[in-house]
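Beneath this line is the structure, given in structure tokens, with notes to follow.
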Amino acid sequence: MKQLSGLDATFLYLETPQMPMHVGALHVFELPAGFKGRFVTALRKHIATRLPVAPVLRRRLWWMPLNMANPAWVDAEPDLAEHIVEIRLPPSAKVGDGMAALQAEVGRLHAVLLDRRRPLWKFHIFEGLAPGPSGQRRVAMYTQLHHAAVDGQAAVALASAILDTTAAPRAVEARAGRREKTFELGMTEMLRGVLGSQAQKVAQIIRELPGTVGTLGSAAGKAVSRGALPLLGGGKGRGQGNLALAPRTPFNASVTDGRAFAAVSLPLPEVKLLGRASEATVNDMVLWLCSTALRRYLAKRHALPRKSLIAAVPVSLREKGDTSADNQASMSLVNLGTHIADPRRRLAHVKAATASMKSTMGSLKSILPTDFPSLGVPWLLEAATALYGKAKVADRIPQVANVVISNVPGPPVPLYLAGARMLTNYPTSIVVHGIALNITVQSYDQSLDFGLMADAAAAPDVATLADALRVAMDDLRVLAGSREADLAAVEAGRPGLVALTTRRLRAAVDGAFGRAAVQAASKVTAEVTAKVARDALAGAAAAAGSVVSQSARRALSAVGSTAGARRPPTGKSAKAPGHGQARKRARPASSEGATTSGKRKAGAVSPVASGRRARK
């Protein structure tokens, strides 16, 4: 009896309708010239020949009595008609490369749980894609493998068992196994196996406890001395420390039973070249690309926190050459530096954060457990998981990470399945309560294939994040390639990459500002012209009114002065206050009036003066 390890079984206990625990990939295949018939039929025949070398495809779960301990694996003969099915895509899949339709189907199917009564895997074949650029017929396949059965490295080993390096499938010898097949377990065998296994695991823990405590103390001391813990006080992410509570983002929410999927491919040789120019590894480049894309995506939605995002990064504990089909991985934390605007400084931050993580995890790998006693664990974990999801605890408490980012090395050469060449290998992984986004990357041939799986409620527009990864690649080209390109350009006597980019940017900005300036100048000119015209008219009117008023006053003053000079004085008028002063002031005016009026007879009274006297 092969009982599941504690880590393997944990993926079973954590599984709910809202948290399916299967992984897989989306592949696009180009069928060989002259292929006729249904690819699903050819694939079933091919897989039937590979079952002897793929034990993970021909085993199922056997549960312990009352679910008191981890289940065991027993042999099973898979019904390939149930495990390999065909799906016809909608007509929209024939438009372009059909990726939008494929991504929608993967999002729909990824939310469906695998049947635990059967071997925990299923392949979906999609028909209805448009032909490729060379006119060859294309099909796609979405695979589901339960995480209790495989981890990333085990999935790669399974792929090497069912895939070929040439279009002609290799011959596989069906060797008779020495182990007797077990399709079911008796009660006595189960109880004996469970109790014996628990005793062995407890004894192993006690035996390894002193070394474990010493290693943990040493690792903690190194972490503190290297400054790996500067953020535990809730700082704003100014260091490269990885141990900190993650800031709140739209991804830190309880997940639903819906999924959204997006995929993008980036050129692997170019990523390696640009990484070498910046003295960074491919893993550093992947984390920087994700950091840059996440920063742009969140900033566009006004949701970028002031603290840096934290990524949960799986770390393989598998020894080199180990191809066993189980989980041998742990999880580490990496500070992504999303609070840093400058891309070069952000890359340096990511490199320092990964170096800190590696130095800490290097000493801990040997003591991290993948198996532990499980008596009573199924009840506890299943109850805790159900309560955690229903109470939406993830919406209320701080999280240790915002996103899961996993980078799995894949085959460096083209592979074939049942004679069809595999073009893409987009991974599909798990999202959980509190971390509703998973970015898994796998290298294949000459590509880095990114698979972005998100909760449909938390990030329905995950395709926009995939587009941001393409833009981040352009940022990386400018960042890492500018130095070498400029040096080569200087030697060749031509402008370098930065100069060309700056020149194009300046031209675009000048053009945009030029158009805006012309429009603004026209508007301002029109407004100024109108204002000047209004002020000029108002000034002319005021000036004309002033001239008329002054002329009228002078004429009236002159006539009044002349009339006053000819009128005989009266007592009443003589006693009038100020009358003499008025007359004195008016005398020059009367003289001026007399001079200008010509030879007027003495005692003559003007009609105006006569009218004034009559009014008095």
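No lab work stands behind these numbers, since they all come straight from the coordinates. These figures come from a predicted structure and were not determined experimentally. In this analysis, Cβ positions are derived from the backbone assuming ideal geometry, glycine residues included, and neighbour counts consider all displayed protein chains.
Do any GluC sites (Glu not before Pro) in the stretch 96-191 lie in a loop, going by DSSP, with at most 13 other beta-carbon atoms within 10 Å of their beta carbon, and if so which? Intermediate values should be presented prior to the final figure.
Numbers: sites: Glu105, Glu127, Glu173, Glu180, Glu184, Glu189; in loops: Glu173, Glu180, Glu184.
Within the stretch 96-191, the qualifying GluC sites (Glu not before Pro) (loop, at most 13 other Cβ atoms within 10 Å) are Glu173, Glu180, Glu184.
Starting from the 7 Å offset along Cα-to-Cβ, what nm value, one decimal, do you get for the label separation of Asp461 and Val53?
Spacing of the two 7 Å Cα→Cβ label points: 4.7 nm.
Mind listing the phi-derived Karplus ³J(HN,Hα) values for the stretch 129-139, rounded to whole Hz, using 6.51, -1.76 and 1.60 with θ = phi - 60°, and x for any glycine or proline?
For the stretch 129-139, the Karplus curve yields 7, 5, x, x, x, 8, x, 6, 5, 10, 9 Hz.
Taking 0.36 nm per residue of separation and subtracting the Cα-Cα distance, what length does fully extending Ala168 through Ala277 add? Each step should come with its number before you reach the end.
Values: separation 109, 0.36 × 109 = 39.24 nm, distance 3.95 nm.
Gain on extension, Ala168 to Ala277, equals 35.3 nm.
How many angstrom lie between the Cα centre of the stretch 27-50 and the Cα centre of the stretch 413-430?
Between the Cα centre of the stretch 27-50 and that of the stretch 413-430, the gap is 13 Å.
Explain nothing, just the number: relative contact order of the stretch 56-192, from Cα pairs under 8 Å at least 6 residues apart, as a whole percent. Walk me through the numbers before you get to the answer.
Details: 158 pairs, mean separation 35.2, N = 137.
With pairs under 8 Å counted, the relative contact order is 26 percent.
Given a cut-off of 18 Å, name the pairs among Lys45/Lys122; Lys2/Lys181; Lys45/Lys94 whose C-alpha atoms lie farther apart than that in the structure shown. Kindly include the intermediate steps, with their values, before the conclusion.
On the way: Lys45/Lys122 15 Å; Lys2/Lys181 12 Å; Lys45/Lys94 27 Å.
In this structure, Lys45/Lys94 lie more than 18 Å apart at Cα.
Could the peptides 379-392, 441-454 be put in order, highest first, of the mean number of other beta-carbon atoms found within 10 Å of their residues?
Numbers: 379-392: 13.6, 441-454: 23.5.
Ranking the peptides 379-392, 441-454 by packing returns 441-454, 379-392.
Set the Förster distance to 35 Å, then compute FRET efficiency between Ala299 and Lys94 from the Cβ-Cβ distance, nearest 0.05. Display every interim value, and only then the final one.
Numbers: r = 36 Å, r/R0 = 1.03.
That gives a FRET efficiency of 0.45.
In nm, to one decimal, how far is the Trp379 label point from the Lys392 one, both placed 7 Å along Cα→Cβ?
Distance between the two pseudo-spin positions: 3.1 nm.
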